[in-house]
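K.L.:
Have a look at this one before I ask anything.
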Amino acid sequence: MMELNPDSLPKLSVTGDEEHFWLLQQQYPERTLKHFSAWRFDADIDLSRLEWAIKTVIETLPDLNARYQFNDDGEVHKVHANDWQSCVEIMRSHSDAEATEQLLSQQTAPWDAQSQPPFKALIIPTGHEVILGFVLHQILDQTCQEDNLYCRVLSAYVGHSASDTPWLRRQADGEVLSPPASAPSAQPAANNSEVAAIILGEFRGALAEPDMQLTDDFFDFGGHSLLATRIIGKLLSSHGIEVQFNDFFSAPSAAALASRAHVIAQDKTASAAGLAQDVQKAPFALAQASLGRAYVAFEFGTIFNLPFALDFLDKVDEALFEHAFCDLLKRHASLRSTFHFEGNEAYQQIVPITQLSDYKWFWPSHESQGATLKSEATYQFDLTRELPLRVRFIYDAQRQRQTLSLLVHHMAIDEWSLNVMMEELAQAYLARAADKAPTWEAPAPSFHEFALREQATGINQQHLDYWTNMLRDATRGLTLPSPDHQASVPANEVSTKAQWFEIKPDQDLTDNLYAFARRNNSSLFGVVYTAIALSLHKLGDLKDLVIGTSASGRTDPGFYETVGYFTTMVAHRVQFDPQQAVGALIENVTRLINDSMAYADVPMEQIQQALGMTAADGLLFDVYIQIHANNALNGALSTPDAGTIRYRQIDPDKNQSMFGIQFEIMENMIDGKRSLRLVITYRSDRYSAEQMARLSATIDQVFTLFTTPDAAGIVLDHIRT
């Protein structure tokens with residue numbers, strides 16, 4: 001047992017949850033507040049390499065090796081010890097029963113918070129196999145879970161795969177749990193070459209890269225987190241192959257990912273979307289209902305308009321375009337729905353295809369004299385009486401080019417939907433240009449079916465608990481120093497007036513940031529997200545920061561091709577330790593984002609209510625970060641004669657925002673080159689131009705820092721901005 005000198009290590013503050021469990025254990029020392037999980041490995045696993053992998057994980061998660069102390073001021077603080085060996089123990093066993101007893105003994109053993117770590121890794125060779133067990137005190141529940149630690153250890157122990165399904169679990173003060181008999185059984189892939197070929201096929205289809213090879217990096221070919229989510233769902237639903245989201249970053253090729261894949265026994269009777277239902281009227285889905293209430297609160301204004309605009313570099317046949325877009329309206333009911341907001345009776349109603357001609361939604365160029373992109377973007381919908389979209393061509397006589405305004409209300413689509421729409425629009429345009437109707441691979445399930453199912457299921461309490469446990473003691477909002485003494489408006493005041501600017505790294509810096517991301521098993525989004533958080537930490541001397549972001553909300557692959565508003569807002573709590581290295585911060589942020597995706601079906605409104613907040617409190621966060629990767633608004637339509645009609649996105653004028661500071665990370669592959677832009681929109685009543693200038697300069701400095709040698713090892717406290 002290690003004897004610590006309290007003055008020899010930095011004293012760190014504890015979270016509310018940590019203090020709660022520390023106090024609970026002090027008051028009731030007889031209670032078992034530890035839980036464990038254990039996994040089986042083949043006997044040939046290299047124990048020294050396994051120990052090294054565990055050591056690596058402990059060093060990147062120093063809370064695993066923390067000690068908790070009570071100071072003279074009546075406060076609890078913690079220190080991070082350096083003796084990783086105190087967290088690891090090798091124990092011999094002759095049978096499963098004996099190994100089980102050893103694990104139970106570690107779980108029920110008293111915990112001395114001042115001298116013992118809250119985590120213990122047990123390596124138990126039995127002669128014919130090796131059992132790896134993780135025993136964690138509940139004081140670590142906000143830091144990690146056993147399954148996450150297991151994945152991290154496997155990632156560090158390169159070249160070894162094992163079942164993700166624990167052999168044995170035991171909850172704190174609970175019963176022994178084995179994997180339920182009814183659960184699909186996961187087995188390591190027996191034929192890696194066959195699995196790799198299937199994964200490669202999904203890579204090639206999703207990335208439109210038919211020449212991609214087994215060893216090619218998913219991200220090098222333009223892959224990103226949204227595509228990874230889609231591929232994971234399709235692998236599981238179509239092929240019974242399970243891969244973990246984090247593995248895309250540490251094993252990003254088809255061959256490497258196959259080595260970590262597991263084959264799941266599929267239940268063919270439970271298809272993802274089920275049988276199609278004839279649903280004409282439905283309540284709002286959970287996230288959609290939250291958006292609807294916000295729309296009402298903003299007095300049905302234009303805050304939730306999505307004003308997309310395209311500049312066509314080649315001439316497009318507007319009549320064919322209208323015909324093709326009409327095919328989308330017929331295929332996707334959300335695009336031909338009206339939305340009604342009568343209190344608790346809020347609902348969405350499908351407009352029958354036979355009545356589409358009663359609604360005006362398309363304007364060719366010759367009907368658009370006097371119209372501008374700005375006038376279209378600021379159009380105020382009446383969603384109870386008209387379709388939630390306006391498609392208008394505007395002809396620029398001076399440039400002799402066609403511009404398209406595609407205005408869609410957020411109640412009807414999300415960003416994932418936009419990608420589906422643009423892909424299918426290209427397919428429909430090609431078919432109509434050949435005087436044919438488009439042939440779809442499969443019907444698209446109606447969003448209204450999803451809404452009915454979700455309302456019937458309700459909120460997942462376990463998922464809600466995940467968010468409330470993470471956010472309960474988090475610092476709300478954001479306070480930055482105000483050198484120009486501008487009065488700051490409270491974040492909960494309803495205001496949408498905004499200004500924007502952008503940061504556009506040059507090609508060398510973009511390529512270097514991407515290379516830095518891959519060296520740290522992260523994505524370009526993860527690195528830029530970390531750079532933003534680190535910059536705000538430095539500017540505001542923040543201990544923690546809650547950052548909002550968007551998640552797809554699509555947990556059922558059966559609805560991947562459905563257009564609708566599935567997106568949920570989620571909030572991540574990023575905590576800063578001055579002694580933490582940049583590489584560890586990037587890893588923690590990447591894990592935080594990736595691990596939270598499994599819980600991202602709970603609307604932010606429900607999370608805030610569970611935290612005791614009301615609508616008058618506004619949002620828990622003032623900073624919002626989202627990614628727009630491989631933007632579908634930069635592309636081309638094809639014609640039957642093998643021609644192309646190229647188009648590029650026109651940036652909208654951003655003069656409204658519901659967030660204090662919104663960061664949009666624009667990551668694209670255009671003409672074989674990776675491009676990066678960071679568009680920053682800020683509420684001008686809350687933040688000044690001078691504050692934003694300092695923020696922009698700090699982000700530039702952090703970007704440059706990330707491209708220096710040994711950047712991952714630089715300690716946060718040593719960074720000067």
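Bear in mind that the values in this text are calculations on the coordinates, not laboratory data. Model, not experiment: these values are computed from the prediction. As a convention, Cβ positions derive from the backbone with ideal geometry for all residues, glycine included, and neighbour counts pool all protein chains shown.
K.L.:
What angle, in degrees between 0 and 90 and rounded to the nearest 10, separates the Cα long axis of helix 582-596 from the longest principal axis of the Cα atoms of the chain?
P.N.:
That helix lies at roughly 70 degrees to the long axis.
K.L.:
Right, here's the next one. Tell me, what HN-Hα J-couplings in whole Hz come from the Karplus equation 6.51 cos²θ - 1.76 cosθ + 1.60 at θ = phi - 60° for each residue of the range 652-665, using x for Gly and Pro?
P.N.:
The phi angles translate into x, 7, 8, 10, 9, 7, 8, 10, x, 9, 10, 10, 10, 8 Hz.
K.L.:
Then there is this: For the chain, take the longest principal axis of its alpha carbons; what is the angle in degrees between that and the long axis of helix 689-706, to the nearest 10 within 0 to 90?
P.N.:
With both axes taken from Cα atoms, the answer is about 60 degrees.
K.L.:
As an exercise, use a Förster radius of 45 Å and the Cβ-Cβ distance of K436 and T708 to find the FRET efficiency, rounded to the nearest 0.05.
P.N.:
The calculated FRET efficiency here is 0.20.
K.L.:
Dividing the alpha-carbon Rg of the chain by 2.2 N^0.38 Å yields what?
P.N.:
Rounded to two decimals, the normalised Rg is 1.00.
K.L.:
Between R399 and D96, what is 0.36 nm times their sequence separation minus the Cα-Cα distance? Round to one decimal in nm.
P.N.:
101.4 nm is the gain from fully extending R399 to D96.
K.L.:
How far is the Cα center of the range 636-678 from the Cα center of the range 333-352, in Å?
P.N.:
The two parts, judged by their Cα centres, are 30 Å apart.
K.L.:
Ranked highest first by the average count of other Cβ atoms within 10 Å around their residues, in what order do 577-585, 505-513 fall?
P.N.:
Highest-to-lowest ranking by the protection proxy: 577-585, 505-513.
K.L.:
For the range 12-177, what Kirkwood radius comes out of the mean inverse Cα-Cα distance, in Å?
P.N.:
16.3
K.L.:
If you don't mind, there's one more thing I want to ask. Arrange E89, E146, E342 by Cβ neighbour counts within 10 Å, fewest through most, would you?
P.N.:
E342, E89, E146
K.L.:
Now, a different point. If you stretched the chain out fully between Q462 and R519, how much longer would it get, using 0.36 nm times the residue separation minus the C-alpha to C-alpha distance?
P.N.:
Net length gain for the segment: 17.1 nm.
K.L.:
If amide hydrogens are placed 1.01 Å from N in the peptide plane, which non-local residues have theirs closer than 5 Å to the one on T32?
P.N.:
Residues meeting the criterion, in which the H sits 1.01 Å from N, are D173.
K.L.:
Moving on to the next point. Sorted by packing (mean other beta-carbon atoms within 10 Å per residue), highest first, where do 416-426, 528-538 land?
P.N.:
Listed from highest to lowest mean packing, they are 528-538, 416-426.
K.L.:
Contour minus end-to-end for I45 and E386, with contour as 0.36 nm per residue of separation and end-to-end as the Cα-Cα distance?
P.N.:
Taking I45 through E386 to full extension adds about 116.3 nm, to one decimal.
K.L.:
Next question. Counting Lys +1, Arg +1, Asp -1, Glu -1, what net charge surrounds T704 among other residues with beta carbon under 15 Å of its beta carbon?
P.N.:
Surrounding charge for T704 is -2.
K.L.:
log10 I(q)/I(0), Debye, Cα-only the range 326-389, no solvent, q = 0.18, 0.29 Å⁻¹?
P.N.:
Taking Cα atoms of the range 326-389 as identical point scatterers yields -0.77, -1.25.
K.L.:
Hey, another quick one. Treating cross-link reach as a plain straight distance, find the lysines whose alpha-carbon is under 30 Å from the alpha-carbon of K120, omitting any fewer than eight places away in the same chain.
P.N.:
K11, K34, K55, K78, K543
K.L.:
Here is a follow-up. With a Förster radius of 35 Å, plug the Cβ-Cβ distance of A616 and E322 into 1/(1 + (r/R0)^6) and report the FRET value to the nearest 0.05.
P.N.:
E between A616 and E322, to the nearest 0.05, is 0.20.
K.L.:
Using Cα atoms only, what is the angle between the long axis of helix 447-457 and the major principal axis of the chain, expressed in degrees (0 to 90) to the nearest 10?
P.N.:
Around 30 degrees separate the two axes.
K.L.:
Shifting gears a bit: Only counting other Cβ atoms within 10 Å, I'd like T56, T384, T229, T562 sorted with the fewest neighbours first.
P.N.:
Going from sparsest to densest Cβ surroundings: T384, T56, T229, T562.
K.L.:
Just in the range 313-342: which trypsin sites (Lys or Arg not before Pro) are loop by DSSP and have at most 13 other Cβ atoms within 10 Å?
P.N.:
Passing sites in the range 313-342 are K315.
K.L.:
Go ahead and estimate [θ] at 222 nm for the chain from helices alone: -39,500 (n - 2.57) per DSSP H run with n ≥ 4, summed, over the residue count, rounded to 500.
P.N.:
Mean residue ellipticity, 222 nm, calculated: -10000 deg cm²/dmol.
K.L.:
Still on this structure, please answer the following. Which translational diffusion coefficient, to the nearest whole µm²/s, is obtained for the range 12-107 from the Stokes-Einstein equation, given a Kirkwood hydrodynamic radius over C-alpha pairs, 25 °C and 0.890 mPa s?
P.N.:
In µm²/s, the coefficient rounds to 153.
K.L.:
Also, quick follow-up: Which shape class applies to the range 44-98: rounded if a/c is under 1.5, otherwise prolate when a/b exceeds b/c and oblate if not, where a ≥ b ≥ c are the square roots of the Cα gyration tensor eigenvalues?
P.N.:
Here the range 44-98 falls in the oblate category.
K.L.:
Suppose R0 equals 22 Å; then what is the FRET efficiency for D653 and D508 from their Cβ-Cβ distance, rounded to the nearest 0.05?
P.N.:
FRET efficiency, D653 to D508: 0.15.
K.L.:
Taking amide H positions as placed in the peptide plane 1.01 Å from N, state which residues far from V88 in sequence (5 or more) or on other chains have amide H under 5 Å from it.
P.N.:
A121
K.L.:
Apply the Kirkwood formula to the range 186-264: the hydrodynamic radius equals the inverse of the mean of 1/r over all pairs of different alpha-carbon atoms; give it in Å with one decimal.
P.N.:
Taking every pair of different Cα atoms in the range 186-264, averaging 1/r and inverting gives 12.0 Å.
K.L.:
Can you pull the one-decimal nm distance between simple spin-label points at I670 and E345, each 7 Å off the Cα toward Cβ?
P.N.:
Going from the I670 label point to the E345 one covers 4.9 nm.
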